[in-house]
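Have a look at the structure below, then the notes.
The values are calculated or read from the model by the stated rules, or taken from the named source; none is laboratory data. As the structure is a prediction and not an experimental result, all values here were calculated from the model. Every residue, glycine among them, receives a Cβ derived from its backbone with ideal geometry; neighbour counts consider all protein chains shown. Accessible surface areas use protein heavy atoms only, side chains included; no ligands, DNA or RNA. Shrake-Rupley method; radii C 1.70, N 1.55, O 1.52, S 1.80 Å.
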Amino acid sequence: MKLLILLISGAALSVLAKPPGKTCRSIPGDKSWPSITDWARLNKQVQGRLIATTPLGAVCHDEFVSATTGTIPTYDASKCNELRNTWFFPETHLVHPSSPMQYTATNNSCNPFDRDPRSPCTIGTEAVYAINATTVKHLQAGVKFAKQHNIRLVIRNTGHDYLGKSTGAHSLVLWTRHLKSTELIRKWKGPGEYKGPAIKLGAGVHGIEAYRFADSHRLVVVGGNCPTVGLSGGYTQGGGIGPLSSVHGLAADQVLEWTAILADGTHVTASTKSHPDLYWALRGGGGGTFALVTSMTVKAFPDARTASGFINVSNTENNTDTIYQGFTSFISTQLPNLVDQGVYIVWILLPTGFFVQARFALGKSQAELDTLLAPTLTSLRSLNLNVDYVSMDQPTFLSAYNTAPGGQWNVSDYNTGGHLIPRSLVTSSDTTKLNQLVQAIRHAATNGALMTGVSFNVNNTSRAVNPAFKDSIFNIVLGVPTSYNNWQDNLESMDTITQDFLARIESVTGPEAGAYLNEADVQQPNWERVFYGSHWERLSKIKKRYDPQGVFYAPTAVGSEQWAEGRDGRLCRVGK
């Protein structure tokens, strides 16, 4: 069904003038901003698939005020209550072309939890318009329009994003979620040494959709842990840790070929033979900046029986020291062997206890996983801790994935940050830094942070992914609860993550340990080196080659250091 654009004439909101002498993007209210006629012409070109943004939270406010649509009555008590009950789930935001799943990316401009419906609802940091693309031509039209009219362009897939890359103030969003094609290639005959089975995925294919398609052919592909993440988007382009990473590598390692739209609007194939530098950059150099990916072709592997096991250690409030003693032993002596055996491990530290989730062990039976986890169980029980353990196996990876504990995914309840941890730090015979790391983790966990460690062995990765991955054993992801009633609390939480929790961890690891850019701190100091490592210079050259004018922009992406966002959300160039 075609989506119709709202082209309602209204008074423009007041905007700040362009800074003198600066190259800036146009925003609503500027004389250079596209006219209603311009937008109508674009809407016709994309077959009526242009959408004027109304924030999801508008149903909780009397009015939505926009420079594009004017003032619209929006309050609906029933819809508002429904939204408040489902705001936290990805499905709520997946169907919207601009709504950020990370709440702090909204800038609190249209808060659905505001109890006074008379409070203002404005567009804030959300896009002004979006193209709900179903063809490459729709996307090409959007790129050319944004370039012609000098407006900010945002690439959005599913919106799973912790760094504010999938929306942007005064922007046009190119929404790729509905590019859903899947194709089995029984034997790859394209460039490169690999000659096994492959699957071509449209840009909007979700992880669970790719898993199901692969399963129907008795195959598996490397994807993420969350079922609704778009595989071809920022997930794979940012590296892509997932349940099969310790068996087959990162998602970026699997890509055989991309199709993508360049900043000049041309549609190209990127592989080892065609545009090899772009092919390399898209395999871990970050999404939303080098080109607009329309599809990728990835390696596929034989399916196999998959085991899972779950260890729970309860905190009785009298055994906290002992729990951290067991945790220290686990990450230093048992975890390395588990990931080397291909087991996908997530550990969690909460006030209620310590949890080890061996979520997926591809190609292993329940008995084999029990044997692998036996040293961990023995170690914890030797400390007189109360340990619960359950394990199972399933005939396929997908059946294990579908039955794994976890329930519905919740994406919006935490302000987040992350850091990679070197394997050498936790396995060194000198335990000084190990003990310091555990103290830093404990400090965060006992001061309001949810602490998790996604663990892996990807020492064979050699793409544009941060080279620190090769030497890492887990990625710490921490979260501090979001406050929907006090915006200042969120800002303070974000500062605590940056200046206290992660700063303590980085003081142990050093900045060279790096961060996984898909699950990092949006306020990370020296992010160019921490996110991209020694690849930064090469990636910057590729960005300048393919997008010298900065048509594609995303916060903390390569090339974004050349731009600054003003108080009114306007992007202005600050670099050469």
Check: What label, among [x] 47, 25, 23; [y] 41, 31, 26; [z] 39, 28, 23, belongs to semi-axes √(5λ) of the Cα gyration tensor in Å computed from the structure on display?
Finding: [z]
Check: If one computes the Cα centroid of the stretch 501-563 and of the stretch 27-83, what distance in Å separates the two points?
Finding: 33
Notebook entry, point to check: If you put +1 on each Lys and Arg Cβ and -1 on each Asp and Glu Cβ, how big is the dipole of the stretch 64-150 around its Cα centre, in Debye rounded to 20?
Noted result: 320
Notebook entry, point to check: Which cross-chain or sequence-distant (5 or more) residues have an amide H under 5 Å from the amide H of M101, H modelled 1.01 Å from N in plane?
Noted result: D161
Check: So what's the stretch 212-371 giving for Cα Rg divided by 2.2 N^0.38 Å, two decimals?
Finding: 1.28
Margin query: Given a 1.4 angstrom probe, I'd like the percentage of the accessible area of the chain that is carbon and sulfur, rounded to a whole number.
Written below: 50
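Of K31/K544; K200/K541; K147/K273; K165/K189; K273/K544; K273/K541, which ones are farther than 24 Å apart at the Cα? Don't jump to the answer; show the numbers that get you there.
Values: K31/K544 29 Å; K200/K541 28 Å; K147/K273 28 Å; K165/K189 35 Å; K273/K544 20 Å; K273/K541 19 Å.
With Cα atoms farther than 24 Å apart: K31/K544; K200/K541; K147/K273; K165/K189.
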Notebook entry, point to check: Once the Cβ-Cβ distance between Y194 and M392 is put in as r, and R0 is 45 Å, what FRET efficiency do you end up with, to the nearest 0.05?
Noted result: 0.85
Notebook entry, point to check: On full extension of the chain, what length is gained from Q549 through D340, given 0.36 nm per residue of separation minus the C-alpha to C-alpha distance?
Noted result: 70.8 nm
Note to self: With the crude spin-label approximation of a point 7 Å out along Cα→Cβ, what separation in nm comes out for S78 versus D38?
What the structure shows: 4.1
Notebook entry, point to check: Using alpha-carbon positions, what is the distance between the centroids of the stretch 132-185 and the stretch 243-303, in Å?
Noted result: 17
Next item on the list: Among Y103, T69, C121, pick out the residue whose Cα is farthest towards the positive end of the charge dipole of the stretch 66-127, where Lys and Arg carry +1 and Asp and Glu carry -1 on C-beta, about the Cα centre.
Entry: C121
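Quick check: convex hull of the Cα atoms in the stretch 359-443, volume per residue, rounded to a whole Å³?
183
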Item checked: Student exercise, the chain dipole from Lys, Arg, Asp, Glu Cβ charges, in Debye to nearest 20 -> 2360
Check: Plugging the Kirkwood radius over Cα pairs into Stokes-Einstein for the stretch 470-576, at a temperature of 37 °C and a viscosity of 0.692 mPa s, what D comes out in µm²/s?
Finding: 208
Note to self: Taking θ = phi - 60°, what integer Hz values does the Karplus form 6.51 cos²θ - 1.76 cosθ + 1.60 yield along the stretch 29-37, in sequence order, with x for Gly and Pro?
What the structure shows: x, 6, 5, 7, 5, x, 6, 4, 5
Check: How much area per residue is accessible in the chain when the probe is 1.4 Å and only protein heavy atoms are counted (Å²)?
Finding: 39
Item checked: Gained length - T403 relative to K137, 0.36 nm times residue gap less alpha-carbon distance -> 91.8 nm
Check: Going 7 Å from the Cα of D500 toward and past its Cβ, which residues in the stretch 446-487 have a backbone nitrogen under 20 Å from where you end up?
Finding: 446-452, 476-487
Next item on the list: If a/c stays under 1.5 just call it rounded; otherwise compare a/b with b/c (prolate if a/b is bigger, oblate if not). Do that for the stretch 408-542, with a ≥ b ≥ c from the square roots of the Cα gyration tensor eigenvalues.
Entry: oblate
Item checked: Average Cα contact separation per residue, the stretch 25-156, under 8 Å, 6 or more apart, as relative contact order % -> 34
Note to self: Helix-only mean residue ellipticity at 222 nm, the chain, DSSP H runs n ≥ 4 weighted -39,500 (n - 2.57), per residue, nearest 500. What is it?
What the structure shows: -7500 deg cm²/dmol
Note to self: Using a 7 Å offset from Cα along Cα-Cβ at K433, what residues in the stretch 483-513 end up with backbone N under 20 Å from the label point?
What the structure shows: 501-513
Note to self: Run the lone-cysteine check on the chain: no other Cys C-beta under 4.7 Å from the residue's C-beta.
What the structure shows: C226
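Write out the GluC sites (Glu not before Pro) in the stretch 176-214 meeting two conditions: DSSP loop, and at most 15 other Cβ atoms within 10 Å of their Cβ.
In loop regions of the stretch 176-214 (DSSP not H, G, I, E or B), the sparsely surrounded GluC sites (Glu not before Pro) are E193.
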Check: Hey, got the dipole for the stretch 120-207? About the Cα centre, +1 on K and R Cβ, -1 on D and E Cβ, debye to the nearest 20?
Finding: 420
Next item on the list: With a ≥ b ≥ c taken as the square roots of the eigenvalues of the C-alpha gyration tensor of the stretch 431-482, please select rounded if a/c is under 1.5 and otherwise prolate if a/b is larger than b/c or oblate if it is not?
Entry: oblate
Margin query: How far apart, in nanometres, would the label points at T320 and S483 be if each is projected 7 angstrom from Cα along the Cα-to-Cβ direction?
Written below: 2.2
Check: Taking the Cβ-Cβ separation of N85 and S216 as r and a Förster radius of 25 Å, what is the calculated FRET efficiency to the nearest 0.05?
Finding: 0.15
